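Undergrad: Pasting a structure below so you can have a look.
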Amino acid sequence: MTTYEEVALACGLDEQKSRRYVVYMRGRSWRAKEATHCQTGYAAEWAERFKMGVEYVASDLEGRALLDAMKDGMA
C-alpha cells in the first residue's frame with residue numbers, strides 16, 4: 001500500500017471515517033511521507049484510531065486543531 005486511501009480501505013473504515021482520515025493525514029503535512037507511512041504501518045495505526053473513534057484523544061494540538069476545523073467544515 002502506498003496511499004492513505006488504500007490503508008483506509010484495508011482497515012475497513014466506512015466512507016465518512018475514510019474521508020476524515022485521509023484529510024487528517026494529508027493535512028498534517030505528512031503528504032510527502034505518505035508512501036513511507038503506508039509501508040511502515042504508521043498510517044494503519046492512525047486508521048485504527050479513526051476506526052475506534054479515538055483520533056481526537058490521540059492527537060496533539062496541531063491534530064486537534066485540524067479535527068476541529070474539519071468539524072466546523074473548514075478543512
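The values are calculated or read from the model by the stated rules, or taken from the named source; none is laboratory data. In this text, all values refer to a predicted model and were calculated from it rather than measured experimentally. We place every Cβ from the backbone using ideal geometry, glycine too, and count neighbours over all the protein chains shown.
Undergrad: Search segment 2-18 for residues that are closer than 17 Å to Glu55 by Cβ and pair each with any residue that is assigned to a loop (DSSP other than H, G, I, E, B) and modelled with pLDDT under 95 when their beta-carbon atoms are under 6 Å apart and the residues are at least 6 apart or on different chains.
TA: If the second residue must be assigned to a loop (DSSP other than H, G, I, E, B) and modelled with pLDDT under 95, the pairs left are Val7/Met1.
Undergrad: Filter segment 45-68 down to residues that are out of contact with any helix residue (DSSP H, G or I) (no Cβ under 7 Å at 6 or more places or on another chain), without any contact (Cβ under 8 Å) to a residue 24 or more places away in the chain and part of a helix (DSSP H, G or I) and give me whichever is farthest from Leu13 (Cα to Cα).
TA: Leu61
Undergrad: Out of segment 1-38, which residues are assigned to a loop (DSSP other than H, G, I, E, B) and not aliphatic (A, V, I, L, M)? Spell out the reasoning first.
TA: Step one: of segment 1-38, the residues assigned to a loop (DSSP other than H, G, I, E, B) are 1-3, 11-14.
Selection gives Thr2, Thr3, Cys11, Gly12, Asp14.
Undergrad: Now a separate question. Taking segment 18-45, which residues are surrounded by 13 or more Cβ atoms within 10 Å (Cβ to Cβ) and closer than 17 Å to Ala69 by Cβ?
TA: Passing the criteria: Arg19, Arg20, Tyr21, Val22, Val23, Tyr24, Met25, Arg26, Gly27, Arg28, Trp30.
Undergrad: Quick test for you: out of Arg31, Arg20, pick the one residue that is basic (Lys, Arg) and at pLDDT below 95.
TA: Numbers: Arg20 fails: at pLDDT below 95.
Arg31 is the lone residue from the list that is basic (Lys, Arg) and at pLDDT below 95.
Undergrad: Out of segment 13-40, which residues are small (Gly, Ala, Ser) and out of contact with any helix residue (DSSP H, G or I) (no Cβ under 7 Å at 6 or more places or on another chain)?
TA: Scanning segment 13-40 gives Ser29, Ala32, Ala35.
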